[in-house]
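The structure under discussion appears below in the form of structure tokens.
Where a number appears in this text, it was derived from the coordinates with a stated rule and is not lab data. Note that the structure is a prediction, hence the values are computed from the model and not measured. FYI the Cβ positions are ideal-geometry reconstructions off the backbone, even for glycines, and counts take in every protein chain you see.
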Amino acid sequence: MMNKLFILLGIIFLSFASCHKDPKTNEVASPVTDPLVTTNEVILNFTNVADTAVLQIAKDTIYTAPTPKYINANGDTFSVTKFKYYVSNIKLKRLDGTYYTEPESYHLLNAGDTINYCRFSLKKVPYDYYVSIEFILGVDSFRNCDGAQSGALDPSEDMFWSWSSGYIFMKFEGYSPRSYPSNSHNLTFHVGGYLTPDNNIRTITLPFNAPYLNVRKENVATVYLKTNVLEIFRNPSIIDFFALNGITNPKSAKTIVANYVDMFSISAIKN
Amino acid sequence: MKYFIAIISVVFFLSSCSKDTEIISNTTTATINEYAPVNPPGWPAPVYNFSNNDVTYDKFMLGRHLFYEPMLSEDTTIACGNCHQQYFAFTNGPDHNVSHGVHDLLGKRNSPALFNLNWHTLYMWDGAVNNLEVQVLAPLANPLELNLSLSNALNRLSKSTKYKNLFKKAFGDTVVDSQRFLKAIAQFMGLLVSYNSKYDKVKRGEDNFSASEKNGYDVYKIQCQYCHVEPLFSDYSFKNKGLPINLYQDSGRYRVTGNPSDQFKFKVPSLRNLAFTVPYMHDGRFVTLDNVLTFFTTGVANTPNLDPFMAIPHTVSVQQKSDLLAFLNTLNDYKFVTDPRFKEIH
């Protein structure tokens, strides 16, 4: 661990969500000076890690294979065969408290993706300084019940539950010798759920350090984010893969959800 | 040295799937467009209103072909239409109490009738499906039903000349994707509206009830309307009617929500078209309406979450029973089960 300080503040608030589109957004257009070019792209680059190691997705289907292995906070070794999650409803906050809101903001990040490498860009971000990024880890409730979707939300992405309609927000699969032999040492953590009392939609807010993200004409800025799989299994609850090696329904996801909200961090910003 | 301050806002959404209740203007379909969505006068606004799925003849026809397409099952032996047959108001028919899927595997539940689906808030006996457009994903994924992955299904379709043509007609090009696929089948299912029973005609002033039917209507209002609400003859809520627990230990809505207060609750089915939908209940345990009424008066089991209305004793005299059956008979829609628009097609 480098000398980094993580201060985690959990702000819990209740909000009324439903399958109605929310007409209120905090989006306010920034003052326009040059009517021709006033926006630029911002690249978001997610690197999936296990603390300091870049996460490698094992192709093998049994744990005994010589795959990259990691150790959770409980001391259990494991490999990862699948790690996919939704990042949606991305917003960038300006110094004055207003937001840039990405339209149709749904991204499926797949640690095994060797084409896009979990990298995508926000389009037409107005020139300005931005102090933080906000997004939903998962999919908002409206799109969970709005019928057949396309793009990142296409049900053929294998991130939609048909036994009880709704998106899987995060799929983590792998192997650990600590998981039951009868279960072929599988690890299967599928988190989803958008309905009370098992609503697992969480909004993540990550502040940027001064001098912040600066969107300007001269350069396309990149925000480097890290997604740390080890966080899924520690803090506040240390997961013992013998006791918990699979969840596949919203009700039993509570512990994992409480853990995984802090798996993201900002590693750098290139303005 | 960097300081990272991560503020995690944990948002508890009080969410629900209540859809827009915008009322679509009533169309007098027969003369204008046989393939336009139907919303009979006096009915509540539908929950599924095709808002992102404009109905056209070609999309409907694509959906109809898909509904009868056995290529959508792993071993290419069965289609939606096998378990949901038109003449049985899109149930599996009298020979099956529970469904038969690929490799003749038996399911655990009775295929429900498919009509007036746009008015359901949730689909399946236990409400597992939240939108008509994603309904298809459930039988596809079910190893006891079609057992075919969505991508395999799309793959098969995109290799077929017939479907290339049908997709082109419907959407302008031959691209087969999940959204088109799902929306087309939803159009077929969404047009399965049954509203031409004698009851409907009486309501429209085109016919009259006999004395016995009229008496039966009153019996219905006292005994059944509490759950089987007019004009759809269901409020599509989830209730425990007091059926003794079956051999599959089917816990109904509890399977989906995991909430103990949902144990043994099943979706209230419509009382329309009962002449065609034998056998009855989620597991097809009753083969006659007589059985159903005998259960109602003498067979209610006090299982967890029994609906309070069922906990009180119900008496139905022999006369009331025969009148009630006469009334229920007015809810059968022969036009619907023989409508050429919905017939099997290949």
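Using a 10 Å cut-off on Cβ to Cβ distances, tally the other chain neighbours for every residue of B:130-138 and report the average as a whole number. Mind showing how you got there, number by number?
Details: counts 10, 7, 2, 7, 12, 3, 3, 8, 5.
Per residue, the number of nearby Cβ atoms from other chains is 6 on average.
Couplings 3J(HN,Hα) for the range A:181-191, derived from phi with the Karplus relation 6.51 cos²θ - 1.76 cosθ + 1.60 (θ = phi - 60°), are x, 5, 9, 6, 6, 5, 10, 9, 10, 10, 9 Hz, where x marks Gly and Pro.
Taken along the Cα-to-beta-carbon direction at a fixed 7 Å, the label points for A:Ile43 and B:Glu230 span 6.7 nm.
With 10 angstrom as the radius, rank B:Phe342, B:Phe90 by how many other C-beta atoms surround their C-beta, starting from the fewest. Mind dumping the intermediate values first?
Values: B:Phe342 21, B:Phe90 27.
Neighbour counts put them in this order, fewest first: B:Phe342, B:Phe90.
Beta bridges per DSSP, both residues in the range A:37-270: antiparallel share near 85 percent.
By how many nm would the segment from A:Ser184 to A:Asp51 grow when fully extended, if each residue of separation counts as 0.36 nm and the alpha-carbon distance is taken off? Before the final figure, lay out each step's value.
Numbers: separation 133, 0.36 × 133 = 47.88 nm, distance 2.62 nm.
Taking A:Ser184 through A:Asp51 to full extension adds about 45.3 nm, to one decimal.
Please order B:Glu34, B:Glu206, B:Glu145, A:Glu157 by the number of other Cβ within 10 Å, starting at the fewest. Working shown, then result.
Details: B:Glu34 14, B:Glu206 10, B:Glu145 23, A:Glu157 19.
Ascending number of Cβ neighbours within 10 Å: B:Glu206, B:Glu34, A:Glu157, B:Glu145.
Between amide H atoms placed 1.01 Å from N, distances below 5 Å from B:Phe264 occur with B:Gly252, B:Arg253, B:Tyr254, all of them 5 or more places distant or on a separate chain. For the protein assembly as shown, the antiparallel share of DSSP beta bridges with both residues in that region comes to about 70%. Around the Cα centre of the protein assembly as shown, unit charges on the Cβ atoms of Lys, Arg, Asp and Glu (plus for the first two, minus for the last two) sum to a dipole of about 620 debye. Between the beta carbons of B:Thr338 and A:Thr248, assuming R0 = 41 Å, the FRET efficiency works out to 0.40 to the nearest 0.05.
Only Lys, Arg, Asp and Glu count, each charged at its Cβ (+1, +1, -1, -1), so figure out the dipole size of the range A:155-271 about its Cα centre, rounded to 20 debye. Please report the intermediate quantities before stating the final value.
Numbers: 10 positive and 8 negative charges, 61 e Å.
Approximately 300 debye in magnitude.
Taking the Cβ of A:Pro155 as the centre, find all other residues whose Cβ is under 13 Å away and add up their charges (Lys, Arg: +1; Asp, Glu: -1). Each step should come with its number before you reach the end.
Numbers: positive: A:Arg143, B:Arg180, B:Lys183; negative: A:Asp146, A:Asp154, A:Glu157, A:Asp158, B:Glu133, B:Asp177.
For residues surrounding A:Pro155, the net value is -3.
At an R0 of 30 angstrom, the distance between the Cβ atoms of B:Tyr57 and B:Ser237 translates into a FRET efficiency of 0.30. With θ taken as phi - 60° and the Karplus curve 6.51 cos²θ - 1.76 cosθ + 1.60 applied, the whole-hertz 3J(HN,Hα) list for the range B:264-275 is 6, 8, 10, 5, 5, x, 6, 9, 6, 6, 4, 4 Hz, x standing for glycine and proline.
Report the trypsin sites (Lys or Arg not before Pro) located in the range A:234-268 that are in a DSSP loop and have at most 16 other Cβ atoms inside 10 Å of their Cβ, or state none.
On the way: sites: A:Arg234, A:Lys251, A:Lys254; in loops: A:Arg234.
Counting only loop positions with at most 16 other Cβ atoms within 10 Å, the trypsin sites (Lys or Arg not before Pro) in the range A:234-268 are A:Arg234.
For the range A:167-178, backbone phi angles converted through the Karplus equation (6.51, -1.76, 1.60; θ = phi - 60°) give residue-by-residue couplings of 7, 8, 6, 9, 10, 10, 10, x, 9, 8, x, 6 Hz, Gly and Pro being listed as x. Inter-chain neighbour count for B:172-180: the average number of beta-carbon atoms from partner chains within 10 Å of each residue's beta-carbon is 3. Sorting A:127-135, B:190-198 by average packing, meaning the other beta carbons within 10 Å per residue, from highest down gives B:190-198, A:127-135. When only Cα pairs below 8 angstrom with a gap of at least 6 residues are kept, the range B:40-157 shows a relative contact order of 23 percent.
Scanning chain B for long hydrophobic helices, with DSSP H runs required to stretch 24 angstrom or more by C-alpha along their axis and to average at least -0.5 on the Kyte-Doolittle scale, returns nothing. Taking amide H as placed 1.01 Å from N in the peptide plane, A:Gly166 has its amide H under 5 Å from the amide H of A:Trp161, each at least 5 places away in sequence or on another chain. Per residue of peptide A:148-159, the mean number of Cβ atoms on other chains within 10 Å of the residue Cβ is 6.
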